[in-house]
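Here the structure comes first, spelled out in structure tokens, and everything after it is commentary.
Rule-based calculations on the coordinates, nothing more; no lab input. Bear in mind the structure is a predicted one, so any value in this text is a computation, not a measurement. All Cβ positions, glycine included, derive from the backbone under ideal geometry; neighbour counts span all protein chains shown.
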Amino acid sequence: MATFETEALVLKQFDLGESDRLITLYTRKKGKLKAVARGARKGNKSRSGLVLPFSYHDFTLYQGKSLAKINHIESIAMNTKLREDLDYMAYASVVSEYVERAGLEDEADQALFSLLAVILEKMAEAKKGELLFYLTVFKAKLLLLLGVKPEIENCTVCGEKVDLNNSTPLSVEEGGSICKNCFKDSNYKYTLFSLNEMRALYKITFAEISKLKPVQFSEKILEKINELTEKFLIYHLDLKPKSLSFLYTIRKMKNN
């Protein structure tokens, strides 16, 4: 069996037999990968006791015929807060499931790996009121990486520049903005975005994460962009994590 080393984040885990666990990893070198953690259910820290959802480690693995086996782990970031609080766990679960569904096995994607690592780290350090911001940033960046970001400046019907000074119709089905001429006498499904909302969408999509701060955006704008990016992921990529329903149940309970 070939041995290899790679950094990886733990997406999820399942019990396997009496003492082992089957771990789904997103790795820097090989993309999505499933590995057996021997003795994880018995607290074998030298090999697998540290392998918990949302944690980040440097792994040494043996590649078997069907599954990899974890030989050694050096912890990089445990992101403990994401497992100890229900709100944090709900948001982190959605992020991890998006990556599990979008990531490919045996195909490295450095940008997606870095996005996952940064967002989980930011969430673990964030205040509860900032979690929506980081989820919204993640969704917008994921759309950008997967090549289906909302078109903002040009009409998705005719290709002409759109006047963003007034409220602009933005259609999920068409892939972005629609100019006034194309919008006339049409039956497009749309959401109106103001100039400030369009600027926020553009900034969240294209600015470096290190330059984005939660205080730069109102909760109302974040909710609107979060809903838009979620609809884009569903409509264009068929990505709808099951964990979204859990997240929205938690959020609804908090608002009641």
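Before moving on, here are some points about what is shown:
- With θ taken as phi - 60° and the Karplus curve 6.51 cos²θ - 1.76 cosθ + 1.60 applied, the whole-hertz 3J(HN,Hα) list for region 174-189 is 7, x, x, 5, 10, 6, 4, 5, 6, 6, 4, 6, 10, 10, 5, 7 Hz, x standing for glycine and proline.
- Cα long-axis angle, helix 219-237 against the chain (0 to 90 degrees, to the nearest 10): 70 degrees
- The modelled label-to-label distance between Ala108 and Lys184, using points 7 Å beyond Cα along the C-beta direction, is 5.4 nm.
- Amide H partners (placed H, <5 Å) of Phe193, local residues excluded: Thr168, Leu170
- Modelled FRET efficiency - R0 22 Å, Tyr248 with Lys29, Cβ distances, 0.05 increments: 0.05
- Order by protection proxy (mean Cβ within 10 Å, highest first), peptides 83-91, 50-58: 50-58, 83-91
- Counting only aspartates and glutamates at least 8 places from Lys30 when in the same chain, those with an alpha carbon closer than 19 Å to its own are Glu5, Glu7, Asp58, Glu74, Glu97, Glu100, Glu105, Asp106, Glu107, Asp109.
- Sites Ser75 and Phe14 - FRET efficiency at Förster radius 25 Å, r taken between beta-carbons, to 0.05: 0.75
- Neighbour-count ranking [beta-carbon atoms within 10 angstrom, fewest first] of Tyr235, Tyr134, Tyr190: Tyr235, Tyr190, Tyr134
- Excluding same-chain neighbours fewer than eight residues apart, the lysines reachable from Lys184 by a Cα-Cα span under 18 Å are Lys161.
- The phi-based Karplus calculation (6.51 cos²θ - 1.76 cosθ + 1.60; θ = phi - 60°) puts the 3J(HN,Hα) values of region 129-142 at x, 9, 5, 4, 4, 5, 5, 5, 4, 4, 4, 5, 5, 5 Hz, whole numbers, x for Gly and Pro.
- For Asn71, residues with placed amide H under 5 Å, excluding near neighbours: Thr60, Leu61, Tyr62
- Mean Cα-pair separation over length for the chain, i.e. relative contact order, pairs under 8 Å, 6 or more apart, %: 15 percent
- Ordering Lys161, Lys81 by the number of other Cβ atoms within 10 Å of each residue's own Cβ, fewest first, gives Lys161, Lys81.
- Acute angle (nearest 10 degrees) that the helix 110-125 long axis makes with the longest principal axis of the chain, alpha-carbon atoms: 90 degrees
- Sorting 181-187, 95-101 by average packing, meaning the other beta carbons within 10 Å per residue, from highest down gives 95-101, 181-187.
- Angle between the chain longest axis and helix 195-206 axis [Cα atoms, degrees, rounded to 10]: 30 degrees
- Structural descriptor for region 2-77: relative contact order 32 percent, calculated from alpha carbon pairs under 8 angstrom and at least 6 residues apart.
- Globularity index of the chain is 1.13 (Cα radius of gyration / 2.2 N^0.38 Å, N = number of residues).
- Over 23 Å between alpha carbons, listed pairs Lys189/Lys240; Lys127/Lys231; Lys29/Lys240; Lys180/Lys211; Lys34/Lys242; Lys128/Lys254: Lys127/Lys231; Lys29/Lys240; Lys180/Lys211
- Coupling constants for region 22-29 follow from the phi torsions by the Karplus curve (6.51 cos²θ - 1.76 cosθ + 1.60, θ = phi - 60°), and in residue order they are 9, 10, 9, 10, 10, 9, 6, 8 Hz; glycine and proline get x.
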